[in-house]
Amino acid sequence: MESKVLPKIKEIRAYFMGGATAEKGSGGADYHDQQEKHWIDDKICTPMSKYKEYEQSRQSFGINVLGTLVVEIEADNGVTGFAVSTAGEMGCFIVEKHLNRFIEGRCVSEIKLIHDQMLRSSMYYAGSGGLVMNTISCVDLALWDLFGKCTQLPVYKLLGGAVRDEIQFYATGSRPDLAKEMGFIGGKMPTHFGPHDGDHGVRETAAMVADMREKCGPDFWLMLDGWMSMDVNFATKVAHACAPYNLKWIEECLPPQQYDGYREIKRNAPAGMMVTTGEHHGTLESFQTLSETGVDIMQPDVGWCGGLTTLLEIAAIAKAKGQLVVPHGSSVYSHHAVITFTNTPFSEFLMTSPNADHTRAQFAPILLDEPVPVNGRIHKSVLDKPGFGVELNPECKLTRPYQH
Ligand SMILES: C[C@H](O)[C@H](O)[C@@H](O)C(O)C(=O)O
Ligand SMILES: [Mg+2]
């Protein structure tokens, strides 16, 4: 019945913007690709920080080489869905030379079948996350967008509808004190010191939290994001040093696959301080393993973990365990999911303004109508547009490097 009323997919196309071959600061889904003097590239501690020449800037080691992948999927009635993620030109090859075969000719509602075939057919080269999974995620999101646009329904309604009227956000950036003034419920700061800095690094990190606590008052949430840069010992020391300043959680202290390490940090952390991670985990299986470590919040990125189809499964794992799932900020792709999750009481908004002093669309400039929180919130009515409710900005120069 369904295939009689819903169109079939005519064509999938993949484009990229930015990345290593473009000028610095293209932004888009590769939101780390910003201009000079941006807080997001200001001596943030990373797994590369122990090498002096890569300590000052993440762009120096190539955090922005990939660029934005844009996947567009056109149905045979002319309706087009699309999505963006971080995979750039390399993602284009995977879409146009491999994944296309599972998509063209299918009914626009056959998302689960396509998703399963994309995962199974790429198992021999995908690994457990990263570029290939980002690409699959992008295709999956474009399929959901197309399905919504064909049915004239917002994605969150296709998922079963909102469980709350609005999404409340915490802000990630260098200025939680300003985020508080803007109405956010909390602020998450990057760390600037790692194990190679020894106890001095622990003290400096705690001093930064102490200073922000002073500025924000006793109740505003403050969190720290380690971006995979610590080890268990350093993370444990930082957690205890920050406990007097009521640090709410300590995030992504370790590289993704160090599950035993996460278990140990959770055991060592001061009572009441949450341990969180997940943005660099791909695959459902990694989240199952992660969930078993006992971390308090799993933080998949819907553009990187396998897409919305996988995110729904991850949220179910977390729910069954009594864990929260608070996705890594991925703009509209996160909003439509989290408003339907009972175990996501708040969400992340990533500040992309250079000084984190005002809100700016996270994926600017690639999306038109990308919503930003007002007073730290987005009401569900803002999401009431077909698909993910955004369009591609025609002013962004896109390149289609491969065609099938
Ligand atoms: C600010 C962080 O270092 C990252 O840039 C950000 O992507 C992140 O990890 C986050 O949780 O938002
Ligand atoms: Mg993070």
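The values are calculated or read from the model by the stated rules, or taken from the named source; none is laboratory data. These numbers come from a predicted model, not from an experiment. Backbone-built Cβ (ideal geometry, glycine too); neighbour counts: all protein chains shown. Please note that ligands, DNA and RNA were not included when accessible areas were found on the heavy atoms of the full protein model with its side chains. Shrake-Rupley method; radii C 1.70, N 1.55, O 1.52, S 1.80 Å.
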All positions within segment 321-351 that are more than 14 Å from ligand 1 (Cβ to nearest atom), within 16 Å of Val84 (Cα to Cα) and without any contact (Cβ under 8 Å) to a residue 40 or more places away in the chain: none
Selection from segment 225-239 of residues of a type in the set (Asp, Glu), within 15 Å of ligand 1 (Cβ to nearest atom) and over 20 Å from the mean Cα position of the chain (by Cα) yields none
Test His335 against the criterion of being modelled with pLDDT of 95 or more and within 17 Å of Ile40 (Cβ to Cβ), and give yes or no. no
Qualifying positions in segment 185-204 - within 27 Å of Phe349 (Cα to Cα) and either aliphatic (A, V, I, L, M) or open to solvent by 10 Å² or more (accessible area, probe 1.4 Å) (or both): Ile185, Met189, Pro190, His192, Phe193, Val202, Glu204
For Arg101, are the conditions met, namely being without any contact (Cβ under 8 Å) to a residue 12 or more places away in the chain, assigned to a helix (DSSP H, G or I), out of contact with any strand residue (DSSP E or B) (no Cβ under 9 Å at 6 or more places or on another chain) and more than 20 Å from Cys305 (Cα to Cα)? yes
Can you spot a residue in segment 108-130 that is touching a strand residue (DSSP E or B) at 6+ places or on another chain (Cβ under 8 Å), buried (at least 24 other Cβ atoms within 10 Å of the Cβ) and assigned to a helix (DSSP H, G or I)? no
All but one of (1) more than 16 Å from ligand 2 (Cβ to nearest atom); (2) under 30 Å from Pro255 (Cβ atoms) hold for Phe169; which doesn't? (1)
Whichever residue in segment 53-95 is polar (S, T, N, Q) and in a strand (DSSP E or B) and, among such residues, is most open to solvent (accessible area, probe 1.4 Å): Thr80
Pairs where the first residue, in segment 158-180, is within 15 Å of Val374 (Cβ to Cβ) and the second is of a type in the set (Lys, Arg) and away from ligand 2 (no atom under 16 Å from the Cβ), C-beta under 7 Å, 6+ apart: Asp165/Lys380; Glu166/Arg377; Glu166/Lys380; Ile167/Arg377; Gln168/Arg377; Phe169/Arg377
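Kindly provide the set of residues from segment 329-361 that are part of a loop (DSSP other than H, G, I, E, B) and in contact with a Pro (Cβ under 7 Å, 6 or more places away or on another chain), ordered by number. Show your work before the answer.
Step one: list which residues in segment 329-361 are part of a loop (DSSP other than H, G, I, E, B), which gives 329-330, 339-346, 351-361.
Result: Thr359, single match.
In the list Lys180, Lys112, Lys157, Lys149, which residue meets the criterion of being among the basic types (Lys, Arg) and out of contact with any helix residue (DSSP H, G or I) (no Cβ under 9 Å at 6 or more places or on another chain)?
Working: Lys180 fails: out of contact with any helix residue (DSSP H, G or I) (no Cβ under 9 Å at 6 or more places or on another chain); Lys112 fails: out of contact with any helix residue (DSSP H, G or I) (no Cβ under 9 Å at 6 or more places or on another chain); Lys157 fails: out of contact with any helix residue (DSSP H, G or I) (no Cβ under 9 Å at 6 or more places or on another chain).
Lys149 is the lone residue from the list that is among the basic types (Lys, Arg) and out of contact with any helix residue (DSSP H, G or I) (no Cβ under 9 Å at 6 or more places or on another chain).
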So Leu284 ticks every box in (1) buried (at least 24 other Cβ atoms within 10 Å of the Cβ); (2) in contact with a Gly (Cβ under 8 Å, 6 or more places away or on another chain); (3) free of Cβ contacts under 8 Å to residues at least 60 places away in the same chain but one. Which box is left unticked? (1)
